[in-house]
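Right, one structure below, let's go through it.
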Amino acid sequence: FESALHERIPQCEIVVLDPGSAVKNPPAFVTHRTWQLEQDSSDGTSSLPNETMPLQTTLQRLGHAGEELAIFKVDVSGAEYALFEALVRHNFLPFRQIVLSVYVRERNARLFAQLRKSGFVIAHKEVDYTSPFR
């Protein structure tokens, strides 16, 4: 995804948040950060083992506070439901397009309804038959 995006829009800044070791030697056009997005922690604590921070703090740290992101790609292996519920609840959706991997069929309808209510249009859906979460 990142390579195809860079090929089409070379001036696009691409940042990958991945606390694991999955990103080894990223291409020069990809900025890799080892923290992950906080899902929703009203008490300021996290049950996640790695450094986490809210999307607002992440955007500030990356120099994009107050900006609208063109594309927000999310694959957080099941945590996307809590993440987007919190973003919708706080009316903080600073992006025009979302590329989203979802894994729990029973929770997808609610998530998609929340995104539609927030002004997003579901343009494409497909099943990932290789996912271990199916």
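The values are calculated or read from the model by the stated rules, or taken from the named source; none is laboratory data. Not measured: the values here are computed from a predicted model. Note that each Cβ is placed from the backbone with ideal geometry, even for glycine, and that neighbours are counted across all protein chains shown. We work out accessible area using only protein heavy atoms, side chains counted, and drop any ligands, DNA or RNA first. Shrake-Rupley method; radii C 1.70, N 1.55, O 1.52, S 1.80 Å.
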Original post:
Taking K and R as +1 and D and E as -1, what net charge do the other residues with C-beta under 10 Å from the C-beta of LEU100 add up to?
Top reply: 0
**OP:** Could I have the simple spin-label model distance between PHE120 and ARG105, label points 7 Å from Cα toward Cβ, reported in nm to one decimal?
**Re:** 2.1
Original post:
Between ILE9 and ALA28, what length comes free when the chain is fully extended (0.36 nm per residue of separation minus the Cα-Cα distance, one decimal in nm)?
Top reply: 5.4 nm
Original post:
Between PHE95 and residues 5 or more places away or on another chain, which pairs have amide H atoms under 5 Å apart, with H built 1.01 Å from N, and which residues are they?
Top reply: LEU69
**OP:** Summarise the accessible area of the stretch 69-125 (1.4 Å probe, protein heavy atoms) by the percent that is carbon and sulfur.
**Re:** 50
Original post:
Length gain on complete extension for the stretch THR130 to GLN56, per 0.36 nm per residue less the alpha carbon to alpha carbon distance?
Top reply: 23.4 nm
Subject >> Length released on extending from VAL16 to PHE1, taking residue separation times 0.36 nm less the Cα-Cα span >> reply: 4.3 nm
